[in-house]
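Below you'll find the structure, written out as structure tokens, and then a few comments.
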Amino acid sequence: MSVPSSAQPPSRVAIEDPRPLIDCGRFAAKACVGDRVDVSALIFRDGAQALAAVVRYRGPAHAGWREMPMRRLPAEAGEDRWGGHFVVDEQGAWRWSIEAWTDEWGSWRDELDRKVAAGVEDLDSELAEGAALLKATAARAASTGGADRLAAAAALLEDRGAALRERTETALDPELAQICARHAARYGAAQMNPPAIVDVERERARFGSWYELFPRSFGGFAGVAGQLPTLAALGFDVLYLPPIHPIGVTRRKGRNNALVAGAADPGSPWAIGSAAGGHKAVNPELGTLEDFDRLVAAAGAHGIEIALDFAIQCSADHPWLREHPEWFNHRPDGTLKYAENPPKRYEDIYNVNFDCEDWRGLWAALHEIVEFWVDRGVRVFRVDNPHTKPFAFWKWLIEEVRVGHPDVIFLAEAFTRPAPLRELAKLGFSQSYTYFTWKNSRSELEEFVSELAHSGMELYCRPNLFVNTPDILHAYLQDGGPPAFRTRLILAATLSPTYGIYSGFEDFENVAVQPGSEEYLDSEKYEIKQRTLDGPLLPLIGRLNEIRREHAVLQRLDNVTFLPVENDALIAYAKTGAEETLIVVINLDPHAPQEGIVIIPSRLGLPPVLEVRDLLGGERFSWRLGRNFVRLDPAERAAHLLLVEPAA
């Protein structure tokens, strides 16, 4: 029989179920600069000895590990669960771990406290034991301060001529316990290995308002620049542009996705590449690269970031088809296979072949494209259909880009199955499109948002709730008229820290190409429209963006609590923070007034009587814990945004 060969016996302390840990540490949790990262774990040992623990952490620029104390959490958090936190103040990969040990002084002190409470008077042996612990602690504290206090306390504990009460009160002094904790020996300590990682990004990765437009419908880059003051006044943070590259001529699509284009048809911007260049060029009809640079600079001066579409696909006229035919899928007869997503067919587009022999060259070329636009000031990319490309590629690309540019944000346009959507978020995408456009009933919304906010997905997946896209015009908007647009706008803007609008939403565009379709009639993907920013929904959009900036509770996802409502046509939820609570009630029925009872539960920690102010209409109401009557007529208003006023 053999025994362990280590010089010290194994630790008797167990550390289990550390959080936040994504897939047992395979992936990093996410945070933004300024966030508090809450850490917890089950920490316990055999016997009844007291324990102590710290969360250890280090940022990208830290030379060594730092520590913050952990404390046993209330029983409702789980038996033996301890918690601590640290604040992240720079972008990059932060590492954290947990160290826990038997608290010798705390264990001795607890035992002494119980004996004193029981009236035991013969404590000389116990106090001698405590004095020995204090002397050992004083030796460790000699270079950092506190040694004199420890030595004096040890002498008093050993002084049998001193009053017992004085000796025990000194031994039980909380301040003395704090000094001992700072200089604990940590014998038999256990550590969480390996350390976990938190990927820290800038705030825009979590919070922002997006507006999407086609530059060609606003007069090219110069015309878009002229809209920047209006977009800034409306409170938009990100201006997203579909592909701005040259558009192919071969098999160009016509109006409403017609297979044959007319002479004046501009084609789909997603059919990238022509004789004018590929992914590193701009469509001459929009302007020049210098015009684009001026647009980026002007947007920055207005506090707006330009987001570009990164679509990994080519028209038949893209230079790569001549320069790198090996990067594409060839049928046995030598023809190229165009892109399909049955029943949709994209005869004007070819996908690259990630399984080709020169896959390394393809990866490098795609990396060069991103770096090209980063060098021109772009820090936000909306990635088209990332779930159809290799996961390993995205992990590599995002890591490579962020080595030199940790502020770059990637949005995954992955309308796909849940598992691939989650995988892309874990691999490093800052944000994700979600299924929001298809969630319209109260039960659908509550289940959908609860998963995003409270299932563990909130640790790595940040939703960007676009109310519409050039590809998605949901039946709810087609049938609901202007009230439906107001409802969906308020839901997106108040449920998620990040949301987006595609141009035309503010004008209530809701005509589909045919019944049962989610495609727009006269889709902007295939023709140029004459756009202006003057739609009737803009005042509400501007007010919502103003409210979002003023109230921090709308800048987080994990603080939402859905409230009971005695009418399924109404939805209600609270967004809570340390300093404020916002109650949102929305009529989901765009056709008729709805009324019902909204119940404010005591678990929100609000006073029995609430004075609330509607941030949309300005009215003030008296609410209370329990039942509150609400009536909303969609023809007049879609929702209440009720800020709980501070108690007088």
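The values are calculated or read from the model by the stated rules, or taken from the named source; none is laboratory data. This one's a predicted model, so the numbers in the text were calculated from it and none came from an experiment. Quick reminder, even Gly has a Cβ in these numbers, built from the backbone with ideal geometry, and neighbours come from all protein chains shown. Surface areas here come from the heavy atoms of the whole protein model, side chains and all, with no ligands, DNA or RNA. Shrake-Rupley method; radii C 1.70, N 1.55, O 1.52, S 1.80 Å.
What's the angle, to the nearest 10 degrees (0 to 90), between helix 442-454's Cα axis and the longest principal axis of the chain? The angle comes out at about 50 degrees. Of the trypsin sites (Lys or Arg not before Pro) found in region 265-337, those that fall in a DSSP loop while having at most 15 other beta-carbon atoms within 10 Å are Lys280, Lys337. Each Lys and Arg Cβ is given +1 and each Asp and Glu Cβ -1; about its Cα centre, region 171-275 then shows a dipole of about 620 debye. Given that just one value was derived from the coordinates, which of (1) 30.7, 108; (2) 25.2, 78; (3) 26.9, 89 is Rg and Dmax of the Cα atoms in Å? Of the labelled values, this structure produces (1). Coupling constants for region 469-484 follow from the phi torsions by the Karplus curve (6.51 cos²θ - 1.76 cosθ + 1.60, θ = phi - 60°), and in residue order they are 9, x, 9, 10, 10, 5, 4, 4, 6, 4, 9, x, x, x, x, 5 Hz; glycine and proline get x.
Only the Cβ atoms of Lys and Arg (+1) and of Asp and Glu (-1) were treated as charged; on that basis the dipole of region 561-648 about its Cα centre amounts to roughly 240 debye.
For region 336-415, the normalised intensity computed at q = 0.16, 0.18 Å⁻¹ comes to -0.70, -0.87 (log10 of I(q)/I(0), Debye sum over alpha carbons, equal scatterers, no solvent).
Can you give me the orientation-averaged projected area of the convex hull built on the Cα atoms of region 383-469, in nm²?
Averaged projected area of region 383-469's Cα convex hull equals 5.8 nm².
The residues of region 1-54 expose, per residue, 60 Å² of accessible area to a 1.4 Å probe. Placing a label point 7 Å from the Cα of Gln514 along the Cα-to-Cβ direction, the residues of region 326-349 with a backbone N closer than 18 Å are 341-347. Taken about its Cα centre, the chain carries a charge dipole of about 360 debye when Lys and Arg each add +1 at the Cβ and Asp and Glu each add -1 at the Cβ.
Dividing the Cα radius of gyration of region 309-382 by 2.2 N^0.38 Å, with N the residue count, gives 1.21.
Looking only at region 622-638, which residues have a backbone nitrogen under 18 Å from a spot 7 Å from the Cα of Leu604 in the C-beta direction? Residues 622-632 qualify, since their backbone N sits under 18 Å from the label point. What is the distance in Å between the Cα centroid of region 91-111 and that of region 224-249? Between the Cα centre of region 91-111 and that of region 224-249, the gap is 51 Å. Taking K and R as +1 and D and E as -1, what net charge do the other residues with C-beta under 15 Å from the C-beta of His474 add up to? After counting each charged neighbour, the total is -3. The H on the amide N of Ala307, modeled in the peptide plane, is under 5 Å from the matching H of Leu239, Tyr240, Leu241, each at least 5 residues off or on a different chain. For the chain, the share of accessible area belonging to carbon and sulfur comes to 51 percent (1.4 Å probe, ligands and nucleic acids excluded). On full extension, the segment bounded by Ser2 and Glu347 gains 117.1 nm, given 0.36 nm per residue less the C-alpha separation. Test of the criteria: in region 337-422, which GluC sites (Glu not before Pro) are in a DSSP loop and have at most 14 other Cβ atoms within 10 angstrom of their Cβ? Answer in residue order: Glu357.
Surface listing: Ile15, Ile306 arranged by accessible area from highest to lowest gives Ile15, Ile306, probe 1.4 Å. In percent, rounded to a whole number, the relative contact order of region 468-511 is 56, using alpha-carbon pairs under 8 Å and six or more apart.
Per residue of the chain, what 222 nm ellipticity follows from adding -39500 (n - 2.57) for every DSSP H run with n ≥ 4, rounded to the nearest 500? For the chain, the value works out to -8500 deg cm²/dmol.
Remark: spin-label model distance Ala132-Ala61 equals 4.8 nm, labels positioned 7 Å along the Cα→Cβ axis. Stretched out fully, how many nm does the piece from Lys529 to Asp375 gain, at 0.36 nm a residue minus the Cα gap? Here the answer is 52.4 nm. Accessible area per residue for region 168-269 is 37 Å², calculated with a 1.4 Å probe on protein heavy atoms, without ligands, DNA or RNA.
Full extension of the chain segment joining Asp293 with Glu446 gains 50.8 nm, where the gain is 0.36 nm per residue of separation less the Cα-Cα distance. Our summary gives region 133-201 a relative contact order of 30 percent, counting only alpha carbon pairs under 8 angstrom and 6 or more residues apart.
Largest accessible area first, the residues Lys426, Lys439 order themselves as Lys439, Lys426 under a 1.4 Å probe with ligands, DNA and RNA left out. Helix 391-404 against the longest principal axis of the chain: what's the angle in degrees, Cα atoms only, rounded to the nearest 10? That works out to roughly 70 degrees.
Amide H contacts of Tyr502 (H built 1.01 Å from N, in plane; Pro and chain starts excluded): Glu212, Val467, Asn468 sit under 5 Å, all sequence-distant by 5 or more or on other chains. Placing dummy labels 7 Å off each Cα toward the beta-carbon, the span from Glu326 to Glu166 is 9.0 nm. Determine, at each q value in 0.13, 0.17, 0.25, 0.26 (inverse angstroms), the log₁₀ of I(q)/I(0) that the Debye formula gives when each Cα of region 274-324 is one equal point scatterer. Debye output, listed in q order: -0.41, -0.63, -1.00, -1.04. Across the cross-link table entries Lys30/Lys395; Lys395/Lys575; Lys253/Lys337; Lys253/Lys529, which are compared at the Cα atoms, the separations over 26 Å belong to Lys395/Lys575. Calculated FRET efficiency, Glu636 to Glu611, Cβ-Cβ distance, R0 = 25 Å: about 0.60 to the nearest 0.05.
Annotation: per residue accessible area for region 388-493 equals 31 Å², rounded to a whole number [probe 1.4 Å, protein chains only]. The GluC sites (Glu not before Pro) of region 74-120 that DSSP puts in a loop, and whose beta carbon has at most 16 other beta carbons within 10 Å, are Glu79, Glu90. For Leu289, the accessible surface of its heavy atoms amounts to roughly 40 Å² (probe 1.4 Å, protein chains only, rounded to the nearest 10). Applying 1/(1 + (r/R0)^6) with R0 = 30 Å to the Cβ-Cβ distance of Phe629 and Glu203 gives a FRET efficiency near 0.20. With the convex hull drawn over the C-alpha atoms of region 75-199, the volume per residue is 152 Å³. The simple spin-label model puts a point 7 Å past each Cα toward its Cβ; for Ala222 and Glu566 those points are separated by 6.4 nm.
Can you tell me the relative contact order of the chain? Whole percent, Cα pairs under 8 Å, sequence separation 6 or more. For the chain, the relative contact order is 10 percent.
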